[in-house]
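Colleague: My questions will all concern the structure given below.
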Amino acid sequence: MQQIKGSVVKSRLAFIEENFGKDAVDRVLATLSESDRKALGSILTVRWYPLELGTHLDEAIVKVLADGKPEFFERLGVASAEKNLGGVHKAFVTVGDPHAFLTRTPAIYSLYYEKGRREYQKTGDRSATLTTYDAEVFSAPDCLTIVGWHRRALEMCGARNVRVVEAECRARGASVCRYNLSWD
């Protein structure tokens, strides 16, 4: 079973509370099953949790707060990058060298996901491709979170006008999730 770190789940809940208030967290949680609510009540950042729990939370967020628009998760990805790369994982940020940051993609992936892998390929002086392989569970909202996360991460490295495009997505029938990144 695919698992994610509690830090991923906690960042979603923190984003809701910081941007919409505690009441919004309660409204989102109210739409979940009793077992999901119980699990979300005691999340530890360093523990692994079923990705399915995160998927249920994502679906509830889309339904309650995102007005049915999963693009909301790009904002969540930006907030997550700021929180994690500005704190506990700040050693990954390489100011002035986005490619140096991107070479750490496989290690960063393994911090957040238990199964599968994400590979980096430099495609130009200011471009790269990231490809996620072998993830057992996937969702369109999670992929959008990744788009926002990497856009902000590259900005934190000094890149300007960052563009992250999900060219392929398993949630839409592709065999991998592939992201094309470019910047000025």
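Each value in this text was obtained by applying a stated rule to the coordinates, not by laboratory testing. Treat the numbers as computed from the prediction; the structure is a model and nothing was measured. Ideal geometry is used to build each Cβ from the backbone, glycine not excepted, and the neighbour counts take in all protein chains shown.
Colleague: Sequence gap at least 6, Cα distance under 8 Å: using those rules, report the relative contact order of the range 72-182 to the nearest whole percent.
Modeller: Computed over the range 72-182, the figure is 32 percent.
Colleague: Now for a different question. For Leu85, Leu32, Leu76, which order do you get if you count the other beta carbons within 10 Å of each Cβ and list the fewest first? Write down the numbers at each step before the final one.
Modeller: Numbers: Leu85 20, Leu32 17, Leu76 25.
In order of increasing Cβ crowding within 10 Å: Leu32, Leu85, Leu76.
Colleague: Treating the beta-carbon of each Lys and Arg as +1 and of each Asp and Glu as -1, no other charges, what is the dipole magnitude of the chain about its Cα centre, to the nearest 20 debye?
Modeller: Roughly 320 debye for the chain.
Colleague: Farthest toward the dipole's positive end in the chain, which of Val93, Ala140, Leu65, given Cβ charges of +1 (Lys, Arg) and -1 (Asp, Glu) about the Cα centre?
Modeller: The one lying farthest along the dipole's positive direction is Val93.
Colleague: Sort 12-24, 48-60 for me by packing, meaning the mean count of neighbouring Cβ atoms within 10 Å per residue, highest on top. Please report the intermediate quantities before stating the final value.
Modeller: Working: 12-24: 15.6, 48-60: 19.5.
The peptides rank, most packed first, as 48-60, 12-24.
Colleague: Mind jotting down a quarter of the surface of the convex hull over the alpha carbons of the chain, in square nanometres, one decimal?
Modeller: Directional mean of the projected Cα hull area for the chain stands at 9.8 nm².
Colleague: Using the Cα centre as the reference, give the magnitude of the dipole from point charges on the C-beta atoms of the range 97-184 (Lys, Arg: +1; Asp, Glu: -1; all else neutral), rounded to the nearest 20 debye.
Modeller: The dipole of the range 97-184 has a size of about 100 debye.
Colleague: In what sequence do Cys177, Cys157, Cys169 fall when counting other Cβ within 10 Å, fewest first?
Modeller: Ascending number of Cβ neighbours within 10 Å: Cys169, Cys157, Cys177.
Colleague: Sticking with this one: If one takes the longest principal axis of the Cα atoms in the chain, at what angle in degrees, from 0 to 90 and to the nearest 10, does the Cα axis of helix 51-64 lie?
Modeller: The helix 51-64 is inclined about 80 degrees to the chain.
Colleague: On to the next question. Based on DSSP H runs of at least 4 residues, each adding -39500 (n - 2.57), what is the mean residue ellipticity at 222 nm of the chain after dividing by all its residues, to the nearest 500 deg cm²/dmol?
Modeller: Helices in the chain give a 222 nm mean residue ellipticity of -14500 deg cm²/dmol.
Colleague: Would you calculate the convex hull of the Cα atoms in the range 100-184 and tell me its volume per residue in Å³?
Modeller: Convex hull volume per residue, Cα atoms: 83 Å³.
Colleague: While we're here: Could you give the spread of the C-alpha atoms of the range 3-64 along their three principal axes, from largest to smallest, in whole angstroms?
Modeller: 26, 22, 18 Å, listed from the longest principal axis down.
Colleague: Can you list the lysines whose alpha carbon sits under 24 Å from that of Lys122, skipping same-chain ones fewer than 8 residues off?
Modeller: Excluding near neighbours in sequence, the set is Lys90.
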